[in-house]
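Colleague: First the structure, then my questions, so here it is.
All of the numbers you see were taken from the coordinates with simple rules; none came from a lab. Model, not experiment: these values are computed from the prediction. A quick note on method: Cβ atoms are made from the backbone with ideal geometry, for glycine too, and the neighbour counts reach across all protein chains shown.
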Amino acid sequence: MTNSKIGSPTDSVKDEATADESRSGGGVPVSRRLTSVDALRGFDMMWIVGGGAVGWALGRMGDHPFWETLSRQLRHPDWDGFTFYDLIFPLFIFLVGVSMVFSLGRAMETDGRWAAVQRILRRTLLLLVIGIFYNGGFNRPLEEIRWTGVLQRIALCYGFAGILFCYFRPKALAWIAAGLIAGYWALLTFVPVPGIGPASYAEGQNLANWFDSQFLPGRHWRDTWDPEGFLSTLPAIATCLTGVFAGLLLKNPGIAGGRKSAWLLGAGAAGVLFGWLWGFQFPINKHIWTSSFVLLTSGLSAIMLGVFYQMIDVWKIRRWAVPFVWIGMNAITIYLAHNLIRFREVSLRLFGGDIQSSLNEWIAGVGDLLVALGVLGLSFLLCWFLHRRRIFLRL
């Protein structure tokens, strides 16, 4: 079987840096691939393709506060607030920004800026189309199609952030990111909502939700608005740009590996602190991707990247991360596979029926946990097979 390689906005640091690039001050080579980026992407995707269900099943195993807390952390808040599960999507977008530093940087060096822009536009369009397909495609009237979604937001963040990266220097990118964050805050804080009243952050009463109700075509995730709507994509682009800054740091051969980790941890801690403090005025909210949410999640993403980078690429402690690398190198593939293949039904054929019910009678939730672990195991197995056969589907 031949290798399958079709480019992607989630390309990691692979074939993007030459093998003979200079070493960093800490003796860590700027290698062909930063395994830590793949591993962190795989860790992130794991929660989407089965880890969340495992946590939900664990939450059913008793009334102890620990299980209740675990279950709550693997659900999104109804509106304001933050849980671990809120980090999954922004972390992925952050990693898209990290990866584009290497992939687009290499493309501009070898083929020129215009070729890189063409690559960005092509991939953005492909991902938008696949996102519509993921939502059900064109099997219903146009007014009932959900035109937005996770893949569409990733596409737009990659597209806009990628073009900005091609044309602006890091200092200008920092001002653009700050402008997006501050501008979005100003829009939702000071601009009255037409037909509703003064500016508000409440569900259905804020400018982002109103904008969706007026200008977003098709079916919405909720009646009149969508969490991946138009206005809330602006701060999401800023999230992607924060990943670009992290990628620029990692690519810099003049900074020691340990210092890179320290910078990521320090900057991440600052982002978490400022995001949390800002949240008292501009509530942390994933549904409308508030500016405080950008700072908090970008900070947490930087901290996680710093930890993964230090352990995997500096200390070379990698064995534990191998299964995550399998998923991380085929993240979009496994995401689409879960839309097309009924992993849960396969798991139920293996562990359902009397097995599941008997285990649930023995200890509440154990049967459900086994089914959820089956789904997660099948996901790892598919990614292991693709990795072993060197099949990497990249858009």
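Colleague: Test of understanding: in a Gaussian network model of the chain with alpha carbons linked when under 10 Å, which of Val325, Val37, Val54 would top the mean-square fluctuation ranking?
Modeller: Most flexible of the set in this elastic network: Val54.
Colleague: Can you pull out the cysteines in the chain that have no other Cys Cβ under 4.7 Å?
Modeller: That list is Cys166, Cys383.
Colleague: Follow-up question, since we're still on this one. Which whole-number percentage describes the relative contact order of the stretch 114-202, with Cα contacts under 8 Å and a sequence gap of 6 or more?
Modeller: So the answer I get is 23 percent.
Colleague: If the only charges are +1 at each Lys and Arg Cβ and -1 at each Asp and Glu Cβ, what is the size of the charge dipole of the chain around the Cα centre, to the nearest 20 debye?
Modeller: Working: 35 positive and 26 negative charges, 300 e Å.
That gives the chain a dipole magnitude of about 1440 debye.
Colleague: Additional query: Specify whether the C-alpha gyration tensor of the chain places it in the rounded, prolate or oblate class, a ≥ b ≥ c being the square roots of the eigenvalues: rounded for a/c under 1.5, otherwise prolate if a/b is larger than b/c and oblate if not.
Modeller: rounded
Colleague: Test of understanding: ordering Phe280, Phe102 by Cβ neighbours within 10 Å, fewest first, what list do you get? Before the final figure, lay out the partial values.
Modeller: Details: Phe280 9, Phe102 25.
The order, fewest Cβ neighbours first, is Phe280, Phe102.
Colleague: Turning to a different aspect of this structure: Let me have the 222 nm mean residue ellipticity of the chain computed from DSSP H runs of 4+ only, each contributing -39500 (n - 2.57), with the sum over all residues rounded to the nearest 500.
Modeller: Computed ellipticity for the chain at 222 nm equals -20000 deg cm²/dmol.
Colleague: Here's something else I'd like to know. Grab the chain and count how many Lys pairs have their alpha-carbon atoms under 17 Å apart, sequence gap of 8 or more, or different chains. Could you put the intermediate results ahead of the total?
Modeller: Numbers: Lys5/Lys14; Lys14/Lys251; Lys171/Lys251; Lys251/Lys260; Lys260/Lys316.
Eligible lysine pairs with Cα atoms under 17 Å apart amount to 5.
Colleague: Using unit Cβ charges (K, R positive; D, E negative) and no other charged atoms, how large, in debye to the nearest 20, is the dipole of the stretch 344-395 about its Cα centre?
Modeller: In total the dipole reaches around 620 debye.
Colleague: On to the next question. How much length is gained on full extension from Ala178 to Glu144, taking 0.36 nm per residue of separation minus their Cα-Cα distance?
Modeller: Details: separation 34, 0.36 × 34 = 12.24 nm, distance 3.59 nm.
Here the segment from Ala178 to Glu144 would lengthen by 8.6 nm.
Colleague: Compute the Cα gyration tensor for the stretch 116-189, then decide on rounded, prolate or oblate, letting a ≥ b ≥ c be the square roots of its eigenvalues: rounded whenever a/c is under 1.5, prolate when a/b is larger than b/c in the other cases, and oblate in all that remain.
Modeller: It is oblate, given that a/c is not under 1.5 and a/b is not larger than b/c.
Colleague: Under 10 Å, Cα contacts only: if you run a Gaussian network model on the chain, which one of Leu296, Leu151, Leu381 comes out with the highest mean-square fluctuation?
Modeller: Looking only at Leu296, Leu151, Leu381, the biggest GNM fluctuation is shown by Leu381.
Colleague: Using a cut-off of 12 Å between beta-carbons, work out the net charge of the residues near Gly266 (Lys and Arg +1, Asp and Glu -1, Gly266 not included).
Modeller: +2
Colleague: On to the next question. Using the Kyte-Doolittle scale, find the helices of the chain whose mean hydropathy is at least 0.5 and whose Cα atoms extend 15 Å or more along the helix's long axis, counting only whole DSSP H runs.
Modeller: 88-111, 113-134, 150-167, 170-190, 233-251, 257-278, 291-308, 366-388
Colleague: Still on this structure, please answer the following. How would you rank 119-126, 340-347, 231-238, highest first, on the average number of other Cβ atoms within 10 Å across their residues? Present the calculation step by step, with values, prior to reporting the outcome.
Modeller: On the way: 119-126: 17.8, 340-347: 14.6, 231-238: 23.6.
Per-residue mean Cβ counts within 10 Å order the peptides as 231-238, 119-126, 340-347.
Colleague: Counting Lys +1, Arg +1, Asp -1, Glu -1, what net charge surrounds Leu373 among other residues with beta carbon under 14 Å of its beta carbon?
Modeller: +1
Colleague: Among 358-369, 245-256, 90-101, how do they line up from the highest to the lowest mean number of other beta-carbon atoms within 10 Å?
Modeller: Put in order of decreasing packing, that is 90-101, 245-256, 358-369.
Colleague: Can you find, among Gly197, Thr69, Ile341, the residue sitting farthest towards the positive end of the charge dipole of the stretch 4-392, where Lys and Arg contribute +1 and Asp and Glu -1 at Cβ?
Modeller: So the residue we want is Ile341.
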